[in-house]
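Computed from the coordinates by the stated procedures, all read-outs in this text should not be read as laboratory data. These numbers come from a predicted model, not from an experiment. Positions of Cβ are generated from backbone atoms using ideal geometry, with glycine treated the same way; all protein chains shown enter the neighbour counts.
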Amino acid sequence: MTNDLCDVAVVGGGPAGLVAALLARSHGVSVTLIAPKAPPRDERTVAMLGASVDVLKQTGVWPALEPKAAPLRTMRIVDATRRLIRAPLVEFHAYEVEREAFGYNIPNAILIAALDEAIEQAGIERVSGFASEILPADDAVTVVMADGGQVRAKLLGAADGRRSKAREASGLSVRSWSYPQAALVANIAHSLPHDDVSTEFHTETGPFTIVPMPGLRSAIVCVESPAEAERLSKLDDEALAAEFERRSRSIVGKITIVGSRQVFPLSGQTARHFAARRIALIGEAAHVFPPIGAQGLNLGLRDAAAFAAVVGGHRDDPGSAEAIAAYDRARAGDILSRTTAVDALNRTLLTDFLPVQALRGIGLFAIDRLPKLKRLVMRQGLTPHL
Ligand SMILES: Cc1cc2nc3c(=O)[nH]c(=O)nc-3n(C[C@H](O)[C@H](O)[C@H](O)COP(=O)(O)OP(=O)(O)OC[C@H]3O[C@@H](n4cnc5c(N)ncnc54)[C@H](O)[C@@H]3O)c2cc1C
């Protein structure tokens, strides 16, 4: 660890922080990563859509990930509610927007291991441990480690997750809310091929999603009421597999559970601004979503790319007032629009209000019947800036 002033420090070794550090380093500035090594074993997968794959390619880790990632060539939405007004089944095909795939589903642990290795090779100093105090000042931010060591940087990337200490130090406030839902997450093996199709069954309690993994495997994200998610998580493997088979209408045949399950209570959070006092918010430090439509980390990687672009454009002082304002401007629209869209989609599923159900049904019907609208929606899902 050094007391020298570095250009950029990033606190947090989740995927958003690792990518931010790597991309910032590619602009030739000095970068320190403050992150404890060996995160707890995570059996979740993340669907990396469109531009996120391009961002991962820029970090150089894509060749290591590609053989372990499953392409998502079709996204299917099934209205599995028992409501009066139901939406039609809609399928989005990547070839309709001249793409090989909408994106790739990647195990979190494999993504993080590949990024960790790239950090080592990129000449980024890694300080392993938790930041205990973060002190912004006019000319630099000082990060004090639990062992008393210090890191000083002109710009600090706050990628230390939803309860970010760095965000607190920046003085940026957040708006937080919760949903009456929890996500049960598990991996499955199945007897029929998924054909690279990700299927989202929309139910009254939230989506039940099957996301392809390589071979005859998939990841399940089952959004339910907290009590039901808890009940399901306590079933034995056979009973849970039977429940998943019923909910998936057996589209992937006989199911067996692979590995363990996890339950995540669903909540949302978004900062009102995204940078202040030489600190820029990245990933879940800036925004937390319910896992609907696979948006969370995709947005986090766009934060990382914008962070690096600001560093590249302000090499002399990447934490200057101008740089800080540029980052806030660059991220505000994208984060606000995604947060609103995901929140609205989730709430239309939960509502019993008939006109809202009708609007949702008509919206999906229109998307299905109007090829131009459908392509627009697909492109929006892929590349927000088109
Ligand atoms: C069930 C579920 C499914 C999901 N599926 C998808 C999907 O398909 N696609 C998608 O894009 N997103 C998905 N997401 C969202 C995605 O998982 C998150 O957006 C992503 O993991 C957040 O990454 P991050 O790097 O911002 O934060 P985190 O992964 O939370 O990383 C924060 C890091 O900071 C470290 N840290 C905290 N405090 C300190 C400190 N004081 N000092 C040093 N380090 C510190 C932590 O140890 C941690 O390693 C899903 C989320 C859930 C819950």
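Values as computed for the structure displayed
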| quantity | calculated |
| --- | --- |
| Ranked list, fewest to most other Cβ atoms within 10 Å of each Cβ, for E322, E100 | E100, E322 |
| In the stretch 258-324, trypsin sites (Lys or Arg not before Pro) in a DSSP loop with at most 15 other beta-carbon atoms within 10 Å | R272, R315 |
| Spatial separation of Cα centroids for the stretch 126-167 and the stretch 198-229, in angstrom | 37 |
| Gained length - S225 relative to A341, 0.36 nm times residue gap less alpha-carbon distance | 39.7 nm |
| Low-density loop positions, chymotrypsin sites (Phe, Trp or Tyr not before Pro), the stretch 62-150 - DSSP coil, at most 15 other Cβ in 10 Å | F130 |
| Formal net charge of residues neighbouring T256 (Cβ-Cβ distance under 14 Å; K, R +1; D, E -1) | -2 |
| Semi-axis lengths, Å, the chain, gyration tensor of Cα atoms, sqrt of 5 times eigenvalues | 37, 22, 20 |
| Residue-by-residue Karplus 3J(HN,Hα) for the stretch 267-275, coefficients 6.51, -1.76, 1.60, Hz, glycine and proline x | 8, x, 7, 9, 6, 7, 9, 10, 7 |
| Integer Hz, Karplus 6.51/-1.76/1.60 couplings in order for the stretch 124-135, x for Gly and Pro | 9, 6, 10, 9, 7, x, 8, 6, 9, 9, 10, 10 |
| Pairwise centroid distance, computed over Cα atoms, of the stretch 12-27 with the stretch 41-75, Å | 16 |
| Sum of -39500 (n - 2.57) over DSSP H runs of 4+, divided by residues of the chain (222 nm, nearest 500) | -11500 deg cm²/dmol |
| Placed amide H near V127: partners under 5 Å, 5+ positions off or other chain | L33, I34, A35 |
| Least to most buried among T74, T256 (fewest other Cβ within 10 Å first) | T256, T74 |
| Packing-based exposure ordering (other Cβ within 10 Å, fewest first) of L297, L235 | L235, L297 |
| Residues whose placed amide H lies under 5 Å from that of G103, excluding near-sequence neighbours | G50, L72 |
| Cβ-derived FRET efficiency at R0 22 Å, L89 paired with D195, nearest 0.05 | 0.90 |
| Virtual spin-label span in nm between E322 and K234, 7 Å along Cα→Cβ | 6.1 |
